[in-house]
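The values are calculated or read from the model by the stated rules, or taken from the named source; none is laboratory data. Every value quoted in this text rests on a predicted model; they were computed, and no experiment measured them. No Cβ is skipped: glycine too gets one built from the backbone with ideal geometry, and neighbour counts run over all protein chains shown.
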């Protein structure tokens, strides 16, 4: 089972603002904004978490780092007109207001914000991505299983 952006929205809440990356794009990973330096595959989306100020600085600086960043999907508890305008200007896809209405959320405390909230959001998204069945590769052509011991499927 491959997760796409719509599944991430269902898991963490919020709204997907699709720009360069469509909502049906499968997700291949998660990174912190400051650690993201290369696009893994144009057929998959990498999710980014981090402070909005860091995203703003990176996009407004231009250059290669800004271009690479716009090809990922920013996930944040924040959602305001200035952030939406920044994302639209750079045609960057984002999931905003994450944590506000997540299904299965342990707490109904609203969107995650601030440094502690960003770490919690990153952990929540990471946990959701890891819930895929063990041994299944999102990049496999037909999503065929990779058997650990080379012995084929379990009985």
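A few notes on this one:
- Scanning the range 26-60 for residues that are farther than 15 Å from residue 76 by Cβ, touching a helix residue (DSSP H, G or I) at 6+ places or on another chain (Cβ under 9 Å) and surrounded by fewer than 16 Cβ atoms within 10 Å (Cβ to Cβ) turns up 37, 38, 39, 60.
- Number of the condition not met by residue 108 [criteria: (1) farther than 11 Å from residue 12 by Cα; (2) part of a loop (DSSP other than H, G, I, E, B); (3) at pLDDT 90 or above]: (3)
- Test: residue in the range 90-102 that is out of contact with any helix residue (DSSP H, G or I) (no Cβ under 8 Å at 6 or more places or on another chain), surrounded by 20 or more Cβ atoms within 10 Å (Cβ to Cβ) and closer than 13 Å to residue 121 by Cβ: yes
- Which listed residue is touching a strand residue (DSSP E or B) at 6+ places or on another chain (Cβ under 8 Å) and touching a residue at least 24 places away in the same chain (Cβ under 8 Å), from 52, 38, 21: 21
- Filter pass, residue 103 being within 20 Å of the chain's Cα centre (by Cα) and at pLDDT below 50: yes
- Test set (1) assigned to a strand (DSSP E or B); (2) touching a helix residue (DSSP H, G or I) at 6+ places or on another chain (Cβ under 8 Å) - residue 23 fails condition number: (1)
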